[in-house]
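Each value in this text was obtained by applying a stated rule to the coordinates, not by laboratory testing. Worth saying up front: this structure is predicted, and the values here are computed from it rather than measured. Counting neighbours? That spans all protein chains shown, and the Cβs are built from the backbone with ideal geometry, glycine included.
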Amino acid sequence: MGKTGAENLGEQDHTNLNEEASLLEREAMSADLEKLLSRFPRESSALIPILQAIQAKYGYIDPMAMEKVAQHLGLAVVEVYGVATFYNQFRFHPPGKHQIKVCLGTACHVRGGDIILENFERKLGIKRGETTQDREFSLDSVACVGCCALAPVAVVDEEIKGHMLPSKVEGIVLGFQLQKEKEAREKDKAGKDGNSESSS
């Protein structure tokens, strides 16, 4: 069954609001980057410290940030990009609210860490190094978390999850979804309670 005109308009309004919010975010980030860059000398030797500062502040390095860094240092954007992509410490997607890291160290790999990673990718609809569109989840792999006896291991929001199984992947994601729904219901209830008190 097709959507009504009102439903389509509602979706368009939601999309427009998201685009406006994104534009405001980018404008704020641009001004913020100017301040951050002003603390660094205009020398190519400052490139990595600048990228680290941007990563520390935002959790990732936006393409716009690479352009501004290139302008500040008098480098080509491709040079900045080349350095940033060479080091695996740098991310190029905004981090999700919930960060999931799957260990692919030797013990975890032998015990199916790659299968756990594939299950997270399938369940979240993203690949390693990506963030879901709603920015709820980021997915990455790590070389080792030092918990080999618990292999395979995933680190979910800094909490170690040992002896991972595909069914545990489903449970972890479902747990976050249920928590989000609960928070939305509580927010709606608080909003309704606040509206009924103000109308009294």
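What FRET efficiency comes out for the pair R128/A76, r = Cβ-Cβ distance, R0 = 30 Å, nearest 0.05?
Values: r = 29 Å, r/R0 = 0.95.
After rounding to 0.05, the efficiency reads 0.60.
Can you check how the C-alpha radius of gyration of the stretch 41-129 compares to 2.2 N^0.38 Å, as a plain ratio? List each step's numbers first, then the result.
Working: Rg = 16.3 Å, N = 89, 2.2 N^0.38 = 12.1 Å.
Dividing the Cα radius of gyration by 2.2 N^0.38 Å gives 1.35.
Once you've got the GNM for the chain with C-alpha springs shorter than 10 Å, pick whichever of E136, E34, E181 has the biggest mean-square fluctuation.
Highest fluctuation among the options: E181.
Contour minus end-to-end for N88 and Q52, with contour as 0.36 nm per residue of separation and end-to-end as the Cα-Cα distance? Show your work: numbers first, answer last.
Values: separation 36, 0.36 × 36 = 12.96 nm, distance 1.17 nm.
Full extension of this stretch gives 11.8 nm more.
So if I place +1 on the C-beta of Lys and Arg and -1 on the C-beta of Asp and Glu, and nothing else carries charge, what would the dipole magnitude of the chain be about its Cα centre? I want it in debye, nearest 20.
Computed charge dipole of the chain: roughly 620 debye.
Would you please give the residues with an amide H less than 5 Å from that of F137, counting only those at least 5 places away or on a separate chain, with H modeled from the backbone geometry?
Result for F137 returns K97, H98, T132.
Could you give the nm distance between label points at L24 and R185, where each point is 7 Å from its Cα heading toward the beta carbon?
Spacing of the two 7 Å Cα→Cβ label points: 3.0 nm.
When only C-alpha pairs under 8 Å and at least 6 residues apart count, what is the relative contact order of the chain, in percent?
15
Going by how many other Cβ atoms sit within 10 Å of their own, how do F120, F176, F86 line up, fewest first?
Ranking F120, F176, F86 by Cβ neighbours within 10 Å, fewest first, gives F86, F176, F120.
So which of K97/K180; K35/K127; K101/K168; K57/K97 end up more than 23 Å apart by C-alpha?
Over 23 Å apart, Cα to Cα: K35/K127.
How large is Rg over Rh for the stretch 98-188, taking Rg from the Cα atoms and Rh as the Kirkwood inverse mean of 1/r across Cα pairs?
We get a ratio of 1.01 for the stretch 98-188.
Do any trypsin sites (Lys or Arg not before Pro) in the stretch 93-154 lie in a loop, going by DSSP, with at most 13 other beta-carbon atoms within 10 Å of their beta carbon, and if so which?
Loop-located and lightly packed - K127, R135.
Which of L178, L124, L150 moves the most in a Gaussian network model of the chain with Cα springs under 10 Å?
L178
Arrange V80, V153, V173 by Cβ neighbour counts within 10 Å, fewest through most, would you?
Starting with the residue having the fewest Cβ neighbours, the order is V173, V80, V153.
Ignoring solvent entirely, what values of log10 I(q)/I(0) come out of the Debye formula for the chain at 0.14 Å⁻¹ when each Cα is a single scatterer?
Debye curve over Cα of the chain, log10 I(q)/I(0) at q = 0.14 Å⁻¹: -1.00.
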